Amino acid sequence: MNTPNETRMNPQETMPAAQVVTAIAPAKLTLAEVRAKLEGKSGKRYWKNLDELAATPAFQDLMREEFPRQAAAGEWVDSVSRRGFLKVMGASFALAGLAGCTKQPDEAIFPYVKQPEDLVLGRPMYFATAHPFPTGAIPVLVKSEAFRPIKLEGNPEHPASKGKSDAFTQASLLDLYDPDRSQHPRLRGEQADFGEFQQQFAAAVAKTGTGQGVYFLSETITSPTLAAQWKQVSAKYPQARLVQYEPVNADTARTASKAAFGDYYDTQYKLEDADVILALDADFLGGIGFPGFLPMASAYAERHRFDKDKPMNRLYVVEAMPTVTGFKAEHRLALKPSDLDAFANALSGGSGPALTNPDAQKFLSAVLDDIKKSGGRFAVVAGPQASLAAQSAALALNANSKAVTYTEPVVPLPSEQTADLKALVADMNAGKVQWLVMLGVNPLYNAPVDLDFLAGFNMVPNSVHLGSHVDETGFFSTWHIPKAHYLESWTDARACDGTISIIQPMIDPLYSGKSAHDILQALLDPSVSAYDAVVANAKTYLTGDFPTAWRKALHDGWVANTAFTPKTLGAPKGAPPAVSYPGGGIEISFKPDPSLYDGRYANNGWLQELPKQVTNMSWDNAALMSMELMGKLGIEENEAIELDLNGRSVIVPVLMVPGHPNDAVTVHLGLGRRADAGRVGGGVGFNAYALRTADQPLAAAGLTINRSKGTYDLCVTKVHNMEHRGAYAQRDLERPLSDKDGAYSLAGHEAMERSIIRYATYAEAIKDPEYAHTGASGTLVNKVGYNPQGEAVPHEESFFPDAWRYDHKDESTKKLQNKWGMSIDLNSCTGCNACIVGCYAENNIAVVGREQVKIGRIMQWLRIDTYFEGDLNSPRAHFQPMLCQHCESAGCEQVCPVGATVHTPEGINTMVYNRCVGTRYCSNNCPYKVRRFNFLLYSDYDTESLKFQRNPDVSVRSRGVMEKCSYCIQRIEAVKIDADKNNRAIADGEILTACQQACPTGAIVFGNLNDPAAKVTQRKAEERDYQVLADLNYRPRTSYTAGVINPNAELV
Amino acid sequence: MATQGPIREPEILDPMIDPRTGEYVVIAPGHTFKSVTQKIAGIVLTANTPIAWFGGLFLAATIATGVLIAVTWLFLKGVGIWGVTIPGAWGFAIINFVWWIGIGHAGTLISAILLLFKQQWRNSINRFAEAMTIFAVVCAGIFPLLHIGRPWLGYWLLPYPNTMNVWPQFRSPLAWDVFAVSTYATISVVFWYIGMIPDFGTLRDRAQWPLAKYFYGMLSLGWRGSTRHWIRYESASLLLAGLSTPLVLSVHTTISFDFAVAAMAGWHTTIFPPYFVAGAVYSGFAMVLTLAIPIRKFYHLEDLVTLRHLDNMAKVMLATGSIVAYGYGMEVFMSWYSASHWEFFMMWNRMFGPMGWAYWVLILTNIAIPQATLWWRRCRVSVWWLFVLSFIINIGMWFERFVIVVTSLYRDYLPSSWGTYRATKWDYMLFIGTWGLFTTLFLLFARLAPMVPMSEIRMMLPQTKVHLGGADAEVVVQEAL
């Protein structure tokens, strides 16, 4: 019978040869499936589902895979705990999918598919280029983070600048990322295309045949390539015209040079060879507004260092507006412009008004004596904006100087700019101008007001504006082309000694900017780019194998053997030009703003906020005058007055400047721009160009001041308010210094009383090298009580003699630990503000705006304190950079309730931003008040372009946290890590704080105090070294070297 | 028929003056247990709340909304809306904090120290004085949190174990403040509450309205008035008084350390702890007077809070005011005697600098006016003068903290960082708002809780001096129920 048994066939016989399934495995569960199973559930249902899921073998397999160790049987005492663990771990994965927790959107990050050579993300790269400036390019080394420039430093190998930089250069970085930069070309306000412009322009000019009616109005051309291109354009279109005009120019220097020597020459001052320096209206220690600032400041500081074996130089300054150079001088004479001319005349023995001022006569004879005694080792420095009389006097006297030489001009096409502009305006008014191509200029803002540029401009049918912003001029121009920033451009320039630097771009133009090369090239061969033009021009001065030489030039940042050879020209051949200066009444001087120059930096937040040299104004300009003039006119500070010059008037605030000559007013150019300047620059200050004429661009007479135009609360960052000088200043109970009420600064007086500023004369320093601790004419050390005021408590007397030793040795390497410290030489600091801007760039410091600065909430970690000593009509001023002193026994550390500020074992007082809750007790306990607090959200978290500039190694602080100088700890750590990786010691000078690196005179020195050979150790070992407020026993790590001045006995 | 002199009228004796001592009595004669209970319970358990109370509450609450607005704006924008800056990084917030905490000290002194000293006259004022303390601490306590830059992280000042393994930095006086103020708040609330339990019991027993019965029933924690309860109550009071007594001295000492431990001239001085404590008691008693005088008038409590109380409180103010005057004098003397330029400049600047006006207002309101008047008994028992003076003294005490905080900070060691301090409207709004907050809370307290301790007043009545077995005992016991 066919039983099932029978019908069952032998499986192995009848089964086809198929795959034998040996085990049935459940489908493997993935995390995504787990999440899917749990999705949408919440609360009890969620856990119930999870429970059920946890019981399934698929889930347990998944968890076993994820946590093999924990899933292994051996790990757990019982299977229940193991299952429980796996269940919980599974839940934690799935929790990401719970409704209520928002899942972050997926943002894919990709590493470079093809990483550019040498790029290691997170490691910055350094490229060399230069910052083109009308007085001479400043060579820079650009720190680029993933091809974004984030910091500029001086190029340390450049023969002229030797690695120093200045405030404008440091701040120029922010201009690259300015969110108000124009972003696309415009034709009559509508977006257009550069190619369109090129065609139209080329066609129109070609139609004229000779270039008739084509005028170029450019800023001072600094690029040899551009000059070469112009020559080509001029050859092709002989009737085309080029006018260079900048409101702050070197016209008087050019005129004087032409009259004296028949040609244009640039003066080179070798201040290292000068024992006596006389500066006539020359702010050569103030910034790159003065040509040759970097080598001159460095040389001056070198010769001004106190050394018993070397003679110290002596600086005399005669000026119309107090400057930092004036206050560094041993002897300073404040003269209003007409008197200054008379002085210059008397100096050179020329014709002209006689010098009547007895002080000036005494000064003059002393200076001439000193110059004679120096035996040729002197220099008379005339500023580029000094009057003709001063220029001529300098040329005349420098004939006998061994420290002054002349070179061909640094700019390739020197000219007398104001005269050229006048001619241009005349042509415009006559209708001769068909195309006005403006390259980097803003004449509708800063052209001399009597020329009425706007009227002429309106007669020009085609105007082209190449500019970084759609500014006052760009707004009204037919064509506007965005100008590429120098960090985005190919061009070249010469430094103050003539050395050529090739400027290479660091980043692609952010907003399709073009350079002047592109505009000119449109008339030549449009297919030639700026790069090609620069290469072509480089072939004229690069020697040897071109590709190698080219790469070397780009790598080094400068081209060897391109400096100008200095010549001595002897006495002036021609007669000095006639000077007709009416003088009389109240005179007005027009000076470039120390922070904004001629107004080009008006939209730069760092520079607007930077407290100006000497006046410490920020976000403002004012009519600057002496206390006497204010008294005579009955004006009080914070009053607004009207300045009336030849029928043109402007309403301005008033500020008293100590040491300003009487019967004179100074105004700074560069403010008062309209909203077109940008969100930062628009509407700040008043426009001094509204008073400035073409005939008298430097100074004018016949100013009338009308009172009672309201009040204006000036924004000044330091103690500049009358209350500190007025009624309260005179009530010093010990010794009244002056008869005039409020004629000295209480702050300055206290700074001397408290031994915050210490200095001595050269003779005193030689006699008593310990004067900083024993006393001198400029050093008051009151020996009162147990702890002589001003002296640190000797460590041996501490209850904790073993504390603060910092002599720990590493066990394995036996290396002594680092002990960081800083020393600042007050003799060298000129108050130029380069360090402050460098600090802003390095540490992502926020710009807070005018109202906040006025209340006192400026965020600068490093500030330059200016103290006026003595009678405010002719004071002595002292500059002291003040930053976190990194006190060993810091008061701030003791009082922070959450421990947000702590001391590292190497001696740095660090700020832990994320722990700070903002009680501000630390600020109260800091006697130096160097801690800055983010009272509101100051850091700009929104503007996209500004985010590029930020240093990724430094946090961007939010609201409610305290911040302060960190000795650039990010730089310290970077070098330490590198040294550790390469098993080497850190060399002295390898770690440069941002301020140290920017300082042109080398006043700031930072290093390892445990290294006996380090510069900072040697500086601190000098007898002149002292700590500010040492008697508070905070044990600051930053100390200062007391100043020495070298006065002339005749004038004391 | 001998000639007689002019008929002298018999002297009208003021019933409120004790003929033996010439002092005012502590309780007006004629009160019984029942009358005391009725009087005080009647204020709470009445169905007719006086319209003036509603008016006052409305006004106070309106002003208190200033706190809400100011705090909201503060959290949205940051501490920068105030006038604080560098160098004056502390301003109204800290001044107000110290002022309010100082005010609170009087309540604790009355409750605790005067209890331990067996000064029975404090019995009628201690309840609302302690309430004043608590509300003052409430007003004070918001400032330390608000004035920090990141208030949402304020809990980091508390020592809680956390995964970061970070504790507060215990060397900082602000960390000590956390302990001092929280201890003070806790003990004050506990003491105040425990003290009110018998009275809540009375209210529960007398209440007609079920909700009131329930409310006071919950609050009275099952008080039966048994002997055992009374014994425990007395022990608890003494214990808490013992705990609170050191707090009177220690809390404001710790607050003064905020300044004394810092290195600023004008702050760094050892006189601060006693000077602050004395000042705190001074301003606290002034505030008690500010409250007591209207209360006794509007609620007709002149027989329970008599002129004797006012006189005694004025005497305490005189004593503490003298200590404060001594403190000011010592500061001035030491700034000269120390020969330290820092101290000398600080004091010169404080008196004659741009903010010198504040110093002279301080001297006038804190020293000159009180010292010129409080030595005379006529002034000490003049109700309207004491009321005016209490405001003057509180203004003066506010100015004391203003002078200490602002003048020491705005012109300190480095002249380059000298600045100024100008309060903004938000500062004022918050400060005035806290007055509204305080008044609101106090008015609510006056309506809902027994302002004067009934049990303690009853203990002071002559009827309590009963001999066992006497005929009056039964009567007395019956009456008390």
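Listing for the model above:
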read-out	value
Any hit, segment A:842-862, residues being assigned to a helix (DSSP H, G or I) and modelled with pLDDT of 95 or more	yes
Residues (in a helix (DSSP H, G or I) and touching a helix residue (DSSP H, G or I) at 6+ places or on another chain (Cβ under 7 Å)) located in segment A:291-326	A:Met296, A:Ala299, A:Tyr300, A:Glu302, A:Arg303
Selection from segment A:741-783 of residues that are of a type in the set (Lys, Arg) and at pLDDT 90 or above	A:Arg758, A:Lys767
Qualifying residue in segment A:724-735 (condition: more than 20 Å from A:Ala1030 (Cβ to Cβ), at pLDDT below 60, crowded, with 18+ Cβ neighbours inside 10 Å and among the charged types (D, E, K, R))	yes
Members of segment A:655-689 that are among the acidic types (Asp, Glu) and not in a loop (DSSP other than H, G, I, E, B)	A:Asp676
Selection count where residues are at the interface with chain B (Cβ under 7 Å from one of its Cβ atoms) and either assigned to a helix (DSSP H, G or I) or within 22 Å of B:Trp82 (Cα to Cα) (or both), scope segment A:917-930	9
Filter pass, B:Trp398 being touching a helix residue (DSSP H, G or I) at 6+ places or on another chain (Cβ under 9 Å) and without any contact (Cβ under 8 Å) to a residue 40 or more places away in the chain	no
Residue that is surrounded by the fewest Cβ atoms within 10 Å (Cβ to Cβ), among those in segment B:166-196 that are away from chain A (no Cβ under 14 Å) and hydroxyl-bearing (Ser, Thr, Tyr)	B:Thr186
Qualifying residue in segment B:131-139 (condition: more than 22 Å from B:Met196 (Cβ to Cβ) and in contact with a Phe, Trp or Tyr (Cβ under 7 Å, 6 or more places away or on another chain))	no
Output for segment A:235-276, where each listed residue is under 16 Å from A:Pro384 (Cα atoms) and among the β-branched types (Val, Ile, Thr)	A:Val248, A:Thr252, A:Thr255, A:Thr267
Segment B:298-339, residues that are free of Cβ contacts under 8 Å to residues at least 12 places away in the same chain and either within 14 Å of chain A (Cβ to nearest Cβ) or buried (at least 19 other Cβ atoms within 10 Å of the Cβ) (or both)	B:Trp336, B:Tyr337, B:Ser338, B:Ala339
The listed residue being in contact with a Ser or Thr (Cβ under 6 Å, 6 or more places away or on another chain) and among the β-branched types (Val, Ile, Thr), out of A:Val433, A:Val411	A:Val411
Any hit, segment A:543-556, residues being of a type outside the set (Gly, Ala, Ser), touching a residue at least 12 places away in the same chain (Cβ under 8 Å) and under 30 Å from A:Asp471 (Cβ atoms)	no
Strands (runs of 3 or more DSSP E) completely within segment A:944-1052 that count 2 or more residues being in contact with a His (Cβ under 7 Å, 6 or more places away or on another chain)	none
Every residue from segment B:57-96 that is within 30 Å of A:Cys892 (Cβ to Cβ) and away from every other protein chain (no Cβ under 13 Å)	B:Ala70, B:Val71, B:Phe92, B:Ile95, B:Asn96
Yes/no for B:Ile393 being surrounded by 23 or more Cβ atoms within 10 Å (Cβ to Cβ), at pLDDT 95 or above and away from chain A (no Cβ under 14 Å)	yes
Residue within segment A:653-662 that is closer than 23 Å to A:Asn446 by Cα, buried (at least 21 other Cβ atoms within 10 Å of the Cβ), of a type outside the set (Gly, Ala, Ser) and within 26 Å of the chain's Cα centre (by Cα) present	no
Unique residue being at pLDDT 95 or above and not in a loop (DSSP other than H, G, I, E, B) when the list is A:Leu607, A:Leu629	A:Leu607
Filter pass, B:Thr440 being assigned to a helix (DSSP H, G or I), within 14 Å of chain A (Cβ to nearest Cβ) and of a type outside the set (Gly, Ala, Ser)	no
Among residues of segment A:690-710, those that are part of a strand (DSSP E or B) and touching a strand residue (DSSP E or B) at 6+ places or on another chain (Cβ under 6 Å), counted	7
Residue match in segment A:850-871 (condition: surrounded by fewer than 24 Cβ atoms within 10 Å (Cβ to Cβ), within 7 Å of chain B (Cβ to nearest Cβ), under 23 Å from B:Gly419 (Cβ atoms) and more than 29 Å from the chain's Cα centre (by Cα))	no
Only listed residue being within 32 Å of the chain's Cα centre (by Cα) and surrounded by fewer than 19 Cβ atoms within 10 Å (Cβ to Cβ), chosen from A:Glu272, A:Glu246	A:Glu272
Tally, over segment B:365-378, of residues that are assigned to a helix (DSSP H, G or I), surrounded by fewer than 16 Cβ atoms within 10 Å (Cβ to Cβ) and in contact with a helix residue (DSSP H, G or I) (Cβ under 8 Å, 6 or more places away or on another chain)	2
Wholly within segment A:444-551, helices (runs of 4 or more DSSP H) carrying at least 1 residues that are buried (at least 24 other Cβ atoms within 10 Å of the Cβ) and among the aliphatic types (A, V, I, L, M)	A:516-523, A:530-538
Subset of segment A:876-911 [within 14 Å of chain B (Cβ to nearest Cβ), in contact (Cβ under 8 Å) with a residue 60 or more places away in the chain and not in a strand (DSSP E or B)]	A:Leu883, A:Cys884, A:Gln885, A:Cys887, A:Ser889, A:Ala890, A:Gly891, A:Ala900
Subset of segment A:933-953 [farther than 30 Å from A:Leu510 by Cβ and either in contact with a strand residue (DSSP E or B) (Cβ under 7 Å, 6 or more places away or on another chain) or away from chain B (no Cβ under 14 Å) (or both)]	A:Phe933
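The values are calculated or read from the model by the stated rules, or taken from the named source; none is laboratory data. The shown structure was predicted, so the numbers you read here are calculated from the model rather than taken from an experiment. Positions of Cβ are backbone-derived with ideal geometry, glycine not excepted, and every protein chain shown enters the neighbour counts.
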